[in-house]
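Read the structure below first, then the notes.
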Amino acid sequence: MTRAGKVATLTRGQAARIGRALGARPARPRPGGQAARMPFVLLVVALLAGGLISLLLLNSALNEGSFQLSRLKKETTALTDEEQALQRDVDAHSAPDALQRRARELGLVPGGSPVFIGPDGKVAGSASAAEAPPSPTPTPPPAQAGPGQSPAPAAPNQPLPSGAPAAPGPTQQPNQPPGR
């Protein structure tokens, strides 16, 4: 083998070492090499800056979304509380005693016996007019007793003051009209 063949098989690092050993001058960097690296460095810096800015914008959007979610949760809680309060009002107004009290205030009376008309036109039951129950009168407050004194009970054989209701007897229940 010739010497040229051996050099051709040397690696670049080996060739540089041999060149230095023989006293060869190191190769100068090309003047175009520095200028060729500059656009690449600028591209890498621009990509990094763009990535950081996009991460910042993404983080800001996520924070805004979390604030909006928190506000909507509070609003949902308030609306749920309001719905429950309104449902309690509806339940209170639709209770049987409340409906009965409101019907009395409007002057309505309980219906009489029901009458049914069959598909063939026959009437089952007898129709009767609804009768107004006697209007309840409020009981007068007991006489105020002085300190340390108990109010005197009313005598059973004394007449009641005008407008005072009679005490219910053994056959009449309180708060029910007679005849029931």
Filtering region 59-89 down to residues that are among the polar types (S, T, N, Q) and under 26 Å from L99 (Cβ atoms) yields Q84, Q87
Near pairs, Cβ below 6 angstrom, 6+ apart or cross-chain, from region 94-115 (of a type in the set (S, T, Y)) to any residue that is open to solvent by 60 Å² or more (accessible area, probe 1.4 Å): S113/S128
Assess whether G118 counts as being surrounded by fewer than 10 Cβ atoms within 10 Å (Cβ to Cβ) and at pLDDT 90 or above. yes
Looking at A129 and the list (1) open to solvent by less than 100 Å² (accessible area, probe 1.4 Å); (2) part of a helix (DSSP H, G or I), which single condition is not satisfied? (2)
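The values are calculated or read from the model by the stated rules, or taken from the named source; none is laboratory data. Bear in mind that the values here come from a model prediction, so they are computed numbers and not experimental data. When we count neighbours, we look across all protein chains shown, and the Cβ atoms used for this are built from the backbone with ideal geometry, even at glycine. In case anyone asks, the SASA skips ligands and DNA or RNA and just uses the protein heavy atoms, side chains included. Shrake-Rupley method; radii C 1.70, N 1.55, O 1.52, S 1.80 Å.
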